[in-house]
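Single-structure report; data block below.
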Amino acid sequence: MDLTTIFQAVITGVLMAGIYALVAIGLTLIFGVVRIVNFAQGEFVMLGMYVTWWLWKAGGIDPYLSLLITMPVLFVFGVLVQRFLFRPILSAPDMAQIFLTVGLSVVLMNAALFFFTADFRSVKTTYSEWALRVAGITLSVPRIFAFAGALVLAGLLTLFLSKTDIGKALRAVAQDREVSMLLGIDPERMYLLAVGLGAALAGAAGGLIVPFFYVFPTVGVVFVLIAFVVVILGTLGSIQGALLASLIVGVAESLGILFAGADLGLVVVFAILVATLILKPSGLMGQA
Amino acid sequence: MQKGRRFRDPVSRREFLKGAAALGVGAGVAGLSLQEAAGAAAKEVNIGVLYPTSGSQARFGQMCVNAVKLAVEEVNAAGGIKSLGGAKINPIYADIQSDPGVTRNQAERLMATGNLTAATGSYVSTYTLVATEVAERYKIPYVTGSIANKLTERGFKFTFQVSPKANMFGEMQMEFAGTLAGRGKRAAVVFEDTDYGTSTSKGVIDGAKKVGFEVVMAEPYTAKFTDATPLVNKIKASKPDLFFPVSYITDALLIIRTMKQLNVNAGIIAGGAGYLIPDFYKDLGKDAEYVFSVGSWNYDVNCAEVPKIAEAYEKRYGEFLMEHAGEAYVMIWVLADAIQRAASTDPLKVRDALAKTNLTKGPGSVMPGCRVEFDETGWNKRVHPVMVQWQKGQLRTVYPASDARVKPVWPVPAWDKRG
């Protein structure tokens, strides 16, 4: 095993981490604020991918440009989901909430199957297959874009949460709903915002994935499992944690495939998850 | 209450009576036609059709259902089952949702009704193994295009397999690779880690050693990856001359795309499925060129009726008739032939007729070898796999000689030498 091969694996893992982070941050944001574990997050990504694909197919709009449309569309979708689906069961037992979001995921998957059929779609852009070659290492250009896009969006979100009044209000609701109400914050509106943002991030992930991946009704399943690992590893509700955890997961998966075996990449990831949870049950960012 | 009254009020008594009378007449007419149907033997023959049209296998499943629809229409348009007074075939579709548990339930649901004559379905061995167990219990003949050897090696009386068996695929690939490339080559084998990949890969790995290849990599992988780079990176490090992947769809596409990106040049001799569907060329375009694969069927199979069938399918569905769908089509005609000879809708009689099947012409015979004849285990002993290659956007049969329509393009040009 020469050094180039190992280096290639590390870089590939880092690039994958960008996408994992975007899906996971949406998930962790919704959980952090609304306290709902959204099992349909993967299907939100799928919707984002179909919107992007459709805009490209019907309107010839470049996937990156269409982020400007995809994200607002998904934001509105998220707001509607919160208003009409999540809100009525916020005080219901956990089990009811799980059934609702799992049910939503099944409905969305089958709706996509109905409207778009099971065909595998892809967007062909001039840069889909561009690759940079540096010292024997190949870097896929759309993956670099996706990684950069994920970093930018995560940065913007962090800024929004720490610098703006609305962002601070969102964090206040996440920390303590009752006290935030005393301060004159309307938690219901913050919930709408949180789920909207979470869905918009999923939409962004979808848009950034499309140039190098395929769109099909069950594509969400591929991403959501990893997103859950990332969110738990990085402590539920923590954005910095999700970023750090996605890097660990991406690189561990890639190196795992290289050294342990091509079907053992995820085994390495789960081993790290289990080990972390034994040593630090609340995840990397939690209190020990 | 208010609502109820408003609903009832506008219907006067006279109108009500009129309506009731009309209903009575209607019922009388319907009763008559029902009796007529029973008397004049224009019955329907119920056939259970089990394919996954949702879940991970939905793409393949829907293509198969399309092919079944075409075959059923053709059988019925040609006068149905003549020995039963022109009875029509009535397909009862069941979505097995890419899940063995659902497959069991759906098979039970269809077969427990007691009015099923036969069943057909699923190219996925994992599901068919379950479905045929149920069929054996209910004594319903089940015709399948799945390839697992086990299917017809369990001593079952009601399972009929039209397709080549799993071990034949690896043997065929290696026989072909040996003729093509000569001995002593470095071979890399990767396969997705479910039943399909692991069962076919064994034949490939054993076969490679037998032909005198050096197996430099043999590894299962999880098909649900989002990036093939780690896998292809590893393949690249093993420096293969020949590359044997066994994949579904997205993994197949990502592997080829990434091989191009990382400039990994090896003759690609795939194990079917994802490499044989319209999506493969639609997505990869020119990069799909020169990829070889083994298959249990292809739309240029060397039998007289095939061009017409392939054309009818393509005209209707706008894409070519792929491997599994071709078999799905053939199986409906195999069933129609058996029911015709049994002259009965009784599953037991149809089973006995199936066992005596010997089709040498017509749309029921168009498996590679152009003949369908079951041995005592229920396997079509006349069939063999074929080798195909993507050439100028077409999937063409290149091996064995008896089936080849064009010559294989070999050696395959390097990625950076292609126009």
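Per-structure values
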| item | result |
| --- | --- |
| Residue among B:L151, B:L116 that alone is closer than 17 Å to B:E327 by Cα and crowded, with 18+ Cβ neighbours inside 10 Å | B:L151 |
| Residues located in the range A:5-31, provided they are surrounded by fewer than 24 Cβ atoms within 10 Å (Cβ to Cβ) and over 26 Å from B:Q261 (Cα atoms) | A:F31 |
| Residue list for the range A:65-98, filter: within 30 Å of A:S128 (Cα to Cα) and in contact with a Ser or Thr (Cβ under 9 Å, 6 or more places away or on another chain) | A:S66, A:L67, A:I69, A:T70 |
| Residues that are of a type outside the set (A, V, I, L, M) and under 28 Å from A:S238 (Cβ atoms), drawn from the range A:101-156 | A:T101, A:G103, A:S105, A:R143, A:F145, A:F147, A:G149, A:G155 |
| Qualifying residues in the range B:177-200 (those that are buried (at least 22 other Cβ atoms within 10 Å of the Cβ) and within 22 Å of B:P368 (Cα to Cα)) - the one modelled with the highest pLDDT | B:A177 |
| Test: residue in the range B:103-111 that is over 17 Å from the mean Cα position of the chain (by Cα) and over 30 Å from B:A343 (Cβ atoms) | yes |
| Top-ranked residue of the range B:201-227 - restricted to ones that are under 30 Å from A:L132 (Cβ atoms) and at pLDDT 90 or above, ranked as farthest from the other protein chains (Cβ to nearest Cβ) | B:V216 |
| Single match in A:G283, A:G196, A:G256, A:G250 (criterion: on the phi > 0 side of the Ramachandran plot and over 12 Å from the mean Cα position of the chain (by Cα)) | A:G283 |
| In the range B:383-411, residue nearest to B:I268 (Cα to Cα) [restricted to those that are in contact with a Phe, Trp or Tyr (Cβ under 6 Å, 6 or more places away or on another chain) and either crowded, with 19+ Cβ neighbours inside 10 Å or aromatic (F, W, Y) (or both)] | B:Q389 |
| Residue among B:W333, B:W297 that alone is part of a loop (DSSP other than H, G, I, E, B) and out of contact with any strand residue (DSSP E or B) (no Cβ under 7 Å at 6 or more places or on another chain) | B:W297 |
| Members of the range A:220-244 that are under 17 Å from A:G155 (Cβ atoms) and either at pLDDT 90 or above or part of a helix (DSSP H, G or I) (or both) | A:G234, A:I239, A:Q240, A:G241, A:A242, A:L243, A:L244 |
| Residue in the range B:154-169 that is surrounded by the most Cβ atoms within 10 Å (Cβ to Cβ), counting only those that are outside any loop (DSSP other than H, G, I, E, B) and either out of contact with any strand residue (DSSP E or B) (no Cβ under 6 Å at 6 or more places or on another chain) or not polar (S, T, N, Q) (or both) | B:F160 |
| When residues of the range A:1-47 are limited to those that are free of Cβ contacts under 8 Å to residues at least 60 places away in the same chain and not in a helix (DSSP H, G or I), the one farthest from the other protein chains (Cβ to nearest Cβ) | A:R35 |
| Positions within the range A:37-46 being aliphatic (A, V, I, L, M) and buried (at least 24 other Cβ atoms within 10 Å of the Cβ), in sequence order | A:A40, A:V45, A:M46 |
| Residues that are more than 22 Å from B:S296 (Cβ to Cβ), at pLDDT 90 or above and either acidic (D, E) or assigned to a helix (DSSP H, G or I) (or both), drawn from the range B:393-419 | B:W415 |
| Filter pass, B:G80 being away from every other protein chain (no Cβ under 14 Å) and more than 15 Å from B:M331 (Cα to Cα) | yes |
| Qualifying positions in the range A:117-166 - among the aromatic types (F, W, Y) and either loosely packed, with under 13 Cβ neighbours inside 10 Å or at pLDDT below 90 (or both) | A:F120, A:Y127, A:W130 |
| Qualifying positions in the range B:220-263 - touching a Lys or Arg at 6+ places or on another chain (Cβ under 8 Å), more than 19 Å from A:S122 (Cα to Cα), touching a residue at least 60 places away in the same chain (Cβ under 8 Å) and assigned to a loop (DSSP other than H, G, I, E, B) | B:D241 |
| Residues being hydrophobic (A, V, I, L, M, F, W, C) and free of Cβ contacts under 8 Å to residues at least 24 places away in the same chain - total across the range A:99-126 | 7 |
| The one condition in (1) part of a helix (DSSP H, G or I); (2) out of contact with any Asp or Glu (no Cβ under 9 Å at 6 or more places or on another chain); (3) buried (at least 18 other Cβ atoms within 10 Å of the Cβ) that B:M174 fails to fulfil | (2) |
| Number of positions in the range A:58-98 that are in a helix (DSSP H, G or I) and in contact (Cβ under 8 Å) with a residue 60 or more places away in the chain | 18 |
| Among the residues listed as A:D94, A:D62, the single one being farther than 29 Å from A:R143 by Cβ, of a type in the set (D, E) and away from every other protein chain (no Cβ under 14 Å) | A:D94 |
| Check on B:Y281, closer than 22 Å to B:D195 by Cβ and surrounded by fewer than 24 Cβ atoms within 10 Å (Cβ to Cβ) | no |
| Residue selected from the range B:201-226 under the condition of a type in the set (V, I, T) and touching a helix residue (DSSP H, G or I) at 6+ places or on another chain (Cβ under 7 Å), by the criterion surrounded by the most Cβ atoms within 10 Å (Cβ to Cβ) | B:V204 |
| Residues that are aliphatic (A, V, I, L, M), in a helix (DSSP H, G or I) and within 8 Å of chain B (Cβ to nearest Cβ), drawn from the range A:110-161 | A:L113 |
| Enumeration of residues in the range A:173-184 that are surrounded by fewer than 19 Cβ atoms within 10 Å (Cβ to Cβ) and among the hydrophobic types (A, V, I, L, M, F, W, C) | A:V179, A:M181, A:L182, A:L183 |
| The range B:368-382, residues that are surrounded by 23 or more Cβ atoms within 10 Å (Cβ to Cβ) and closer than 23 Å to B:T179 by Cβ | B:P368 |
| Output for the range B:336-356, where each listed residue is assigned to a helix (DSSP H, G or I) and among the polar types (S, T, N, Q) | B:Q340 |
| Tally of residues being out of contact with any Leu (no Cβ under 6 Å at 6 or more places or on another chain), surrounded by fewer than 24 Cβ atoms within 10 Å (Cβ to Cβ) and within 14 Å of another protein chain (Cβ to nearest Cβ) across the range A:229-251 | 1 |
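The values are calculated or read from the model by the stated rules, or taken from the named source; none is laboratory data. Since we're looking at a predicted model, the values are computed, not measured. Cβ coordinates were reconstructed from backbone atoms using ideal geometry, including for glycine residues, and neighbour counts include every protein chain displayed.
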